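Written out below as structure tokens is the structure these notes cover.
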């Protein structure tokens with residue numbers, strides 16, 4: 001099994017990127033706008049996924065700017081029409097040389113959560129900034145997804161049981177599902193100044209767009225962790241076995257409008273590297289009042 005539970009090569013990746021773009025891109029764009037990103041900026045987008053934010057950044061920086069979008073497997077971003085100033089790279093942020101330095105802005109969404117080396121990668125991202133440059137990290141706090149409404153009590157219990165198994169499966173491959181609540185402190189310890197964060201969440205009802213993320217996650221986790229061992233009439237997620245009828249009922253809940261859960265809270269944090277080398281290099285500082 002890959003060290004990354006949600007591999008881009010799997011069929012569920014396209015659905016995951018579609019949901020993330022639809023439900024979270026507007027929030028990510030707001031977080032990025034807080035840095036003042038604009039014409040002429042050099043930007044690094046790590047873990048670009050489907051490429052939607054890389055395209056948006058390319059439009060913001062214009063022909064005089066540059067956006068480097070990286071991903072372990074950029075197959076989905078390749079399908080998107082990107083501005084000429086956006087460069088797409090297959091790249092492993094944990095071990096490959098950085099694709100440049102002196103960036104005005106470095107952004108990563110839902111990347112470090114999955115990496116056992118997240119603190120070392122955070123240091124690398126800070127090292128890619130120019131003096132006065134901005135780092136924006138956006139991460140889920142997967143530990144707070146309460147069931148808000150359910151057709152029966154047993155439905156809430158089943159959701160919690162399956163979702164807990166998913167989080168444990170993530171931990172088995174080195175992910176940190178609660179990384180979102182840790183990211184502000186980690187950025188401060190990495191030496192960034194004026195670290196600020198905001199959190200976004202919404203309700204996800206059965207049959208809606210957002211809750212499809214749970215379907216993609218559970219189906220992919222079941223496939224990948226079930227590669228090692230098979231059992232008739234049961235499916236394994238992480239270390240937990242579920243009867244086929246249990247998983248069928250779980251998937252039915254995701255289509256039931258009477259079932260409502262809180263979305264994954266997205267913690268968006270941004271901070272600056274000190275030592276700006278002149279007023280023309282402190283672009284964006286006034287935008288957030290630091």
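The values are calculated or read from the model by the stated rules, or taken from the named source; none is laboratory data. Everything numeric here is computed off the predicted structure, so don't read it as measured data. FYI the Cβ positions are ideal-geometry reconstructions off the backbone, even for glycines, and counts take in every protein chain you see.
Yes or no: residue 88 closer than 22 Å to residue 13 by Cα, under 19 Å from the mean Cα position of the chain (by Cα) and surrounded by 13 or more Cβ atoms within 10 Å (Cβ to Cβ)?
Values: closer than 22 Å to residue 13 by Cα: yes; under 19 Å from the mean Cα position of the chain (by Cα): yes; surrounded by 13 or more Cβ atoms within 10 Å (Cβ to Cβ): yes.
Taking the combined requirement at face value, the residue satisfies it.
Looking at 88, 57, 5, just one residue is in contact (Cβ under 8 Å) with a residue 12 or more places away in the chain and out of contact with any helix residue (DSSP H, G or I) (no Cβ under 6 Å at 6 or more places or on another chain), and that residue is 57.
Check whether at least one residue in the range 52-64 is at pLDDT below 90 and either farther than 13 Å from residue 93 by Cβ or surrounded by fewer than 23 Cβ atoms within 10 Å (Cβ to Cβ) (or both), and report yes or no. Among the residues of the range 52-64, not one is at pLDDT below 90 and either farther than 13 Å from residue 93 by Cβ or surrounded by fewer than 23 Cβ atoms within 10 Å (Cβ to Cβ) (or both), which makes the answer no.
Just one of (1) surrounded by 13 or more Cβ atoms within 10 Å (Cβ to Cβ); (2) at pLDDT 95 or above; (3) within 25 Å of residue 203 (Cα to Cα) fails for residue 247. It is (2).
Within the range 13-124, considering only strands (runs of 3 or more DSSP E) that don't extend past its boundaries, which have at least 2 residues that are closer than 24 Å to residue 176 by Cβ?
In the range 13-124, the matching strands (runs of 3 or more DSSP E) lie at 42-46, 66-71, 103-109.
Please go through the range 28-51 and give me each residue that is buried (at least 23 other Cβ atoms within 10 Å of the Cβ) and without any contact (Cβ under 8 Å) to a residue 60 or more places away in the chain, ordered by number. Those that are buried (at least 23 other Cβ atoms within 10 Å of the Cβ) and without any contact (Cβ under 8 Å) to a residue 60 or more places away in the chain: 48, 50, 51.
One line per residue, one yes/no per condition, for (1) modelled with pLDDT under 95; (2) touching a strand residue (DSSP E or B) at 6+ places or on another chain (Cβ under 9 Å):
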{"residue": "124", "(1), (2)": "no, no"}
{"residue": "127", "(1), (2)": "no, no"}
{"residue": "144", "(1), (2)": "yes, yes"}
{"residue": "156", "(1), (2)": "no, yes"}
{"residue": "187", "(1), (2)": "no, yes"}
{"residue": "195", "(1), (2)": "no, yes"}
{"residue": "201", "(1), (2)": "no, yes"}
